[in-house]
1. Identify the residue in the stretch 117-134 that is of a type in the set (A, V, I, L, M, F, W, C) and surrounded by fewer than 16 Cβ atoms within 10 Å (Cβ to Cβ) and, among all such residues, is nearest to residue 325 (Cα to Cα).
2. Being outside any loop (DSSP other than H, G, I, E, B) and within 20 Å of residue 133 (Cβ to Cβ) is the requirement here; does residue 102 meet it?
3. Tell me which of these residue 80 doesn't satisfy, since it passes every other one: (1) among the polar types (S, T, N, Q); (2) on the phi < 0 side of the Ramachandran plot; (3) within 20 Å of the chain's Cα centre (by Cα).
4. Would the stretch 283-293 turn up any residue that is assigned to a helix (DSSP H, G or I), in contact (Cβ under 8 Å) with a residue 40 or more places away in the chain, outside the structural domain of residue 206 (by TED's automatic domain parsing) and more than 24 Å from residue 74 (Cα to Cα)?
5. Considering only the stretch 97-116, state which residues are free of Cβ contacts under 8 Å to residues at least 40 places away in the same chain and either touching a Lys or Arg at 6+ places or on another chain (Cβ under 6 Å) or farther than 21 Å from residue 35 by Cα (or both).
6. Is at least one residue of the stretch 169-185 surrounded by fewer than 18 Cβ atoms within 10 Å (Cβ to Cβ) and modelled with pLDDT of 95 or more?
7. Here's a check for you: in the stretch 227-263, which residue that is in contact with a Leu (Cβ under 8 Å, 6 or more places away or on another chain), among the aliphatic types (A, V, I, L, M) and over 22 Å from residue 4 (Cβ atoms) is modelled with the lowest pLDDT?
8. Could you grab me the full set of residues in the stretch 209-224 that are among the hydrophobic types (A, V, I, L, M, F, W, C) and over 10 Å from residue 248 (Cα atoms)?
Amino acid sequence: MNISYFLGANSSSGFYSLYGSFPPGENSFLHIIKGGPGNGKSRFMRRIAAAAESRGLDVEYVLCSGDPDSLDGIYVPALNAAWCDGTSPHVTEPRIFGVTGDYVNLGRFCRQPLNGEDARHISALSGEYKALYGKAYGYLSAAAAIRETAPTCEFSAETALQLTRRLGRILDSIPSSASGTGSRRRFFSAISCKGQLRLTESIARMCSRVYSLPEHIVPAFMELAAKEVESRRLSALLSPDPLEPARLSALLLPGCSLAFVPESWGVSGQQPFDTEGMELPSPTSIPEQYAPAMSQAILLLAQAKSLHDQLEAVYKPYMDFSALDAFTHSHIDTNVDKALKP
């Protein structure tokens, strides 16, 4: 099963990273890719993923929160191996070089030094690019502060007990074989240059039973659900809210094909979680200033993406893509084909 998720978020406090928990497999080997803009990091990973898929292997795709059309990582469970972009803002290092991970330097296919005019252009673009991200995070911080002014949803003791019991009846149907090693955090939503995204196809692919909840009770419900799942020692994927990652926005139990999501996500086949007979808190309105702050943040992220495209365009003429393609073919032969041989 091929799925996608994010390991980073453009949040109210800046770039928020979950890369420390990647790759997920015990004793997985991590190939950390280094190189500049336009040096082919995403292209390199896509070709490895395509090779793995063509050989019948499942692939987990880590999308870039800044540019969801680009890859920040891939994980191939059958190979117990992963590849990730180890450059800023998610700089990654192997825990034990040569044992748990290594480096893949794609920068060596970039002819250096750059000429003076291009070097000056890159320096200017880099400064503008970082400044735009700083401004975007300022607006995301403002959006979070505005959202926080709305009254927080809190359940009464009776309602919390009713929700827990109703949730428990759903979880009681899960076989004991679904118990596992605990929870992992993965973003299934993002605030990006393309707007606010939800990876609903991946959720539907993993989970055939999807329960949806009214937006205003999601954080409080997910907190209850996470505690219940933890008490039962079930393996879960907890999806934080990208704006404020301390909140949870969704909870998935792929091992038993079950998920809980906000009703606004529109996951295929979702059905309302039964709250009949419960006294739920009334919905609250988020102040009208929230939407403009979010829109401005997304606009700035889109402008930053445009500058990053310009950076890549300056670097690309210096790249020897023929040599990179030959290296990629050799890397796939060593790390995919030979790894599959008994």
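1. 119
2. no
3. (2)
4. Within the stretch 283-293, one or more residues are assigned to a helix (DSSP H, G or I), in contact (Cβ under 8 Å) with a residue 40 or more places away in the chain, outside the structural domain of residue 206 (by TED's automatic domain parsing) and more than 24 Å from residue 74 (Cα to Cα).
5. If the condition is that a residue be free of Cβ contacts under 8 Å to residues at least 40 places away in the same chain and either touching a Lys or Arg at 6+ places or on another chain (Cβ under 6 Å) or farther than 21 Å from residue 35 by Cα (or both), then 99 is the only one that fits.
6. yes
7. Once the filter is applied, the top-ranked residue is 234.
8. If the condition is that a residue be among the hydrophobic types (A, V, I, L, M, F, W, C) and over 10 Å from residue 248 (Cα atoms), then 210, 213, 217, 224 are the ones that fit.
The values are calculated or read from the model by the stated rules, or taken from the named source; none is laboratory data. Because the structure is a prediction, the values reported are computed rather than measured. For neighbour counting, all protein chains shown are included, and Cβ atoms are generated from backbone atoms with ideal geometry for every residue, glycine included.
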